[in-house]
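Below is one structure, written out as structure tokens; comments come after it.
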Amino acid sequence: MAYKWTFTTIGGNTRVHIAKGEDFRHLGELDEKMWTVLSCPTTGLEISDHTLRLMDSDHDGKIRIDEVVATANYLCAVLKDPEILLEEKDALKIADLNEENADAKQMADVARKIAGEAETIDLAAVKAAVTAIAVEQKPLPEAPLAADIIAAIHANEGDYNAWFRAAELEKMGLAVTDPEKQPKITEKDWKKLTEKVAAYEAEVAAVNAANQAAVDAATGEYQPLIKLLHLKRDFYTLLKNYISFQDFYNKEVKAIFQCGRLVIDQRACELCVRVADAGKMAAEASKSGMYLLFCDCENKPQGKKMSIVAAMTQGDIHNLEVGKNCIFYDRNGLDYDAVVTKIIDNPISIRQAFWTPYRKFANWVSDLVNKSVAEKESKGLEDMKANATAATEKAKENAEKGGKAEQQKPAFDIAKFAGIFAAIGMALGMIGTALAAVASGLADLKWWQLLIVFAAIILVISGPSMLLAYFKLRRRNLAPVLNANGWAVNAEAIINVPFGVTLTSQAKFPVLKLKDPFAKKGLPAWAKILITLAVLLVIACGIGAYMYFTQTGYFAPKAEVECVEAAQAEAPAEQQAPVENAGEQAPAAE
């Protein structure tokens, strides 16, 4: 009969939920297609590297499904009840060992020897017992040369060997050597020197291996118990981040790939991941659909450095830029000076996407103006330098001739300025015509139609950005970020909008009525009301005047006026308007 698993919906996917000890016994029966992760690295995670190395049976630097299953089978064999693995602690009751198993019996004997009359043994006590064991160590051989000389030999070994090989080929006419790079030692002496260093280092390695073997022999009986206590503490933690992402979607704890917290721009980003390969991360992370900040972090007192990528999932982005300084806290609370080195721009929210086109347009205009001003300033400075140089040379020539330099004023070119004024007038005329056409069209609309037009304009500008943001926010996925760090993620790790809000916290200040002594003093309320009413009155008068002149035909096109005059000219004489001498009476008919 197939084992009945417990399922849950996490991150937009149905996943297996490991919640009881019996689940460990049946991990081998779980279809690998249901595992969220197929492999993960043994380094760079917030879990003991030693524990992961104990699980990495083939020593390839990755933990795969078969190694996870093998570890679960081992734990179920040496423990009476795997339910105790849910404790995630490195302490163990000796009575919980299954002494019917040979390995468990040996570990129980060692645990009793260390614990004495105590019923519980923990990892710290076992390590202290191992440290207390005195093992005789063989002395290391004496170095034939000083340490800095040996280091210099290793540093130059490649270049020197390459030069000597090239010299041999040069004798046969197959290469050309650079005399300036010739080593200041003969090939024969260099060979003796390197052989001496190689023999010394081989002897050191042999002595170290012998000493380690002696330590292993003396402490070998303790190693199985150390392994068990490491696995008892960390195996369930790994499983929750392997079979499913239970810890990632749990507000109370953090996943093993979350390395700390980044504080920047009055926000704290909780989703921070180490960067193992910056180039690969930059290429893969862009597929995540998240707004990402790449940061270099350094703690100078302890000489620690790391590179991270942080997801910004709430707030605005106008203050976020490359080069911005911030603070990063690792999982142990150690603070690092951090600086933003790269930004992957993706939508954070629908509201932020609404303003994105306007922000980009404003940035474009600002950059254009700054570039134009910089060019004009540079050109003006160069012109000033050129004029000053020319004036100096002219003055020098006049002084040499004994005369005075006469300033020649350039003649006023009326034709040039007439062309400029004509171009400006034409541009203003075109702008005025366009504005008049727009105003004429809007004047024919009713007030509710004006509102619809205004909403349509906003929709045309911001609509595409908001629609794109909607689809991207629905598809934000952590998997590409983890894949760049060597994970093999078997399912999407969706970060929807509600969950994304929990990954970035914003500063929340209390609502207070405080007086700012440096606040800009504005107009009193009554003055603001009067100004607002005056502005509205002017606008209303302008609209009314424009509608009046429109109805009276003041703004009618010229072609229409000519058609009206032609029609009046063709009308019968009695329908035409009286002439100017209408006051004079016609002579009476005879």
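No lab work stands behind these numbers, since they all come straight from the coordinates. These numbers come from a predicted model, not from an experiment. FYI the Cβ positions are ideal-geometry reconstructions off the backbone, even for glycines, and counts take in every protein chain you see.
A few comments on the model shown:
- Distant-in-sequence amide H partners of Ile10 (H built 1.01 Å from N, under 5 Å): Arg15
- When each of Phe518, Phe235 is scored by the number of other beta-carbon atoms lying within 10 Å, the sequence from fewest to most is Phe518, Phe235.
- Ascending count of other beta-carbon atoms within 10 Å, so fewest first, for Asp296, Asp66: Asp66, Asp296
- A full extension of the chain between Lys181 and Asn250 corresponds to an added length of 18.6 nm, given 0.36 nm per residue minus the alpha carbon distance.
- For region 1-111, the tally of Lys pairs with Cα-Cα distances below 20 Å comes to 10, considering only residues 8 or more apart or on different chains.
- Modelled this way, with points 7 Å down the Cα-to-C-beta line, the labels at Ser57 and Leu145 are 4.6 nm from one another.
- A straight chain from Ala124 to Ser286 at 0.36 nm per residue would run longer than the Cα-Cα distance by 54.0 nm.
- Taking label points 7 Å from Cα along the Cα-to-Cβ direction, Ala488 and Ala2 give a separation of 2.4 nm.
- Filtered GluC sites (Glu not before Pro), region 136-221: DSSP coil and at most 15 other beta carbons within 10 Å: Glu136, Glu142
- When you filter the GluC sites (Glu not before Pro) in region 240-325 for DSSP loop state and at most 13 other Cβ atoms inside 10 Å of their Cβ, you are left with Glu252, Glu321.
- Ranked Ile343, Ile529, Ile121, criterion: other C-beta atoms within 10 Å, fewest first: Ile529, Ile343, Ile121
- As a calculated quantity, the FRET efficiency between Ala167 and Leu381 at R0 = 51 Å, using C-beta atoms, amounts to about 0.35.
- Binned Cα-Cα distances of region 261-346, short to long, each 5 Å bin given as a whole percent: 3, 15, 30, 26, 18, 7, 2, 0
- Karplus-derived 3J(HN,Hα) values for region 319-325, using 6.51 cos²θ - 1.76 cosθ + 1.60 with θ = phi - 60°, are 9, 9, 7, 5, x, 6, 8 Hz; glycine and proline are entered as x.
- Separation between Cα centres of region 27-99 and region 247-325, rounded to whole Å: 28 Å
- Cβ-Cβ FRET estimate between Met34 and Val497, R0 fixed at 30 Å, reported to 0.05: 0.65
- Potential lengthening between Ile343 and Ala206 on full extension [0.36 nm per residue; Cα-Cα distance subtracted]: 44.3 nm
- Virtual spin-label span in nm between Ala102 and Phe509, 7 Å along Cα→Cβ: 7.2 nm
- Backbone geometry of region 378-392 corresponds, through the Karplus equation with coefficients 6.51, -1.76 and 1.60 at θ = phi - 60°, to 3J(HN,Hα) couplings of 5, 5, x, 5, 5, 5, 4, 5, 5, 5, 5, 5, 5, 5, 5 Hz, x marking Gly and Pro.
- The residues neighbouring Val78, those whose beta-carbon lies less than 12 Å from its own, together hold a net charge of -1 under the Lys/Arg +1, Asp/Glu -1 convention.
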